[in-house]
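Report on the structure given below.
The values are calculated or read from the model by the stated rules, or taken from the named source; none is laboratory data. Computed from a predicted structure; not experimentally measured. Here the Cβ positions follow ideal geometry from the backbone for every residue, glycine too, while neighbour counts run over all protein chains shown.
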């Protein structure tokens, strides 16, 4: 197959740049109405029938004809057996990645996840109590498209936060099932379990796990069944059905985010090898056809060299067809006036992954305000962040890095305010509160504050 990848070439000096740039960035998060309706039906059915509905949908979509939920539950023994079955190199890699991810999130907890209090001059105690969630649900894509790295990135910060129970769901579709493009009519009792995912669950400390997926798994997490316990929050990526279900159950439970297609933005000053940058663009393009890879660079000749490397390297890629469609449909190579302008455009994009491919990355980092993760220097490939650098790889997409953050320990904690007003403090604060409460027409609020004053005044009319 003779594939070519020609990302859109743009120049900020062009009169039509803004319009072309905006069109290239556009991605619609609108969900197919048929998917929305199907998901709504599944959620309602699981809420009504519980385990029976989960079993029915697992049989229909994954081809697993289990007679009871116990046949779909994984045990700690399954996790240990999977880990022990791996080659030594994979066991060591899992341990090393998990150790780095754990170390980073432990530091994050110390920096922002501890309770604190102080007393003001009149002896009033104020503060914040930080407590972990009781139970969280982690959705892990299963079958052949399995991501043990995603399990580590979701389970480890929950574990570090002190979450009591970490429940995992991972679909294990049988060959030929609806989930894998077949009929889903066979009577399989065990689908395609990914050994690396189960081994990662062992390393990360997952409490319980079920081989279910789709909207029915999200519904089981949100509402609970006789077998699957209801959780406080659901995290982890999934397909359009999973994303739609998470959106619908938000409010009943918490969710991490609704993720869009993967993104990478490379700010290059022309000092890094062009083939490194080309491969970094490939690293996100290979995810799916809607992934977005963009290069911003003030050196036009360097952009030419990157395009030449794209041409040379593409035929060598096993996922070349996906890469080509992604780069042709959503990729861009943008010539900027200078690096300062490149940084300004980067802030407009607010990318999921931002590489600063420069020999002086710390010169440009202070100019960068919006990104899920910033990778500094030519040796810091985005793929290291995906697997083992330490920071979380669950990142905001589609420009939401303007107002949201990577998944972290703080997503598995909640904060309660602590207030203990002293007798002296009640005298001054009571006057303030009463004045404002009367102004709002809430006499009971005002009177509750006034009754604690040493000299209780008569109740007034609202102002």
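So the values come out like this:
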{"item": "Residue match in region 222-233 (condition: over 30 Å from residue 299 (Cα atoms), part of a helix (DSSP H, G or I) and not assigned by TED's automatic domain parsing to the domain that holds residue 293)", "result": "yes"}
{"item": "For residue 232: the one exception among (1) surrounded by fewer than 20 Cβ atoms within 10 Å (Cβ to Cβ); (2) under 20 Å from the mean Cα position of the chain (by Cα); (3) free of Cβ contacts under 8 Å to residues at least 60 places away in the same chain", "result": "(3)"}
{"item": "Residue within region 243-250 that is in a strand (DSSP E or B) and at pLDDT 95 or above present", "result": "yes"}
{"item": "Count of region 107-128 residues which are surrounded by 17 or more Cβ atoms within 10 Å (Cβ to Cβ) and assigned to a helix (DSSP H, G or I)", "result": "2"}
{"item": "Test: residue 99 is part of a helix (DSSP H, G or I) and either touching a strand residue (DSSP E or B) at 6+ places or on another chain (Cβ under 8 Å) or modelled with pLDDT under 95 (or both)", "result": "no"}
{"item": "Neighbours by Cβ (under 6 Å, 6+ apart or cross-chain): first from region 430-447, on the phi < 0 side of the Ramachandran plot and surrounded by 13 or more Cβ atoms within 10 Å (Cβ to Cβ); second modelled with pLDDT under 95 and part of a loop (DSSP other than H, G, I, E, B)", "result": "438/460; 438/462; 438/463; 447/459"}
{"item": "Selection status of residue 84, more than 25 Å from the chain's Cα centre (by Cα), without any contact (Cβ under 8 Å) to a residue 12 or more places away in the chain and surrounded by fewer than 20 Cβ atoms within 10 Å (Cβ to Cβ)", "result": "yes"}
{"item": "Any hit, region 20-32, residues being assigned to a helix (DSSP H, G or I), surrounded by fewer than 11 Cβ atoms within 10 Å (Cβ to Cβ) and either assigned by TED's automatic domain parsing to the domain that holds residue 352 or touching a residue at least 60 places away in the same chain (Cβ under 8 Å) (or both)", "result": "yes"}
{"item": "Top-ranked residue of region 58-81 - restricted to ones that are in a strand (DSSP E or B) and under 28 Å from the mean Cα position of the chain (by Cα), ranked as surrounded by the fewest Cβ atoms within 10 Å (Cβ to Cβ)", "result": "73"}
{"item": "Check on residue 243, in contact (Cβ under 8 Å) with a residue 24 or more places away in the chain, out of contact with any helix residue (DSSP H, G or I) (no Cβ under 8 Å at 6 or more places or on another chain), buried (at least 19 other Cβ atoms within 10 Å of the Cβ) and more than 19 Å from residue 382 (Cβ to Cβ)", "result": "yes"}
{"item": "Residue count for region 129-155, restricted to those that are touching a helix residue (DSSP H, G or I) at 6+ places or on another chain (Cβ under 8 Å) and either part of a loop (DSSP other than H, G, I, E, B) or free of Cβ contacts under 8 Å to residues at least 12 places away in the same chain (or both)", "result": "8"}
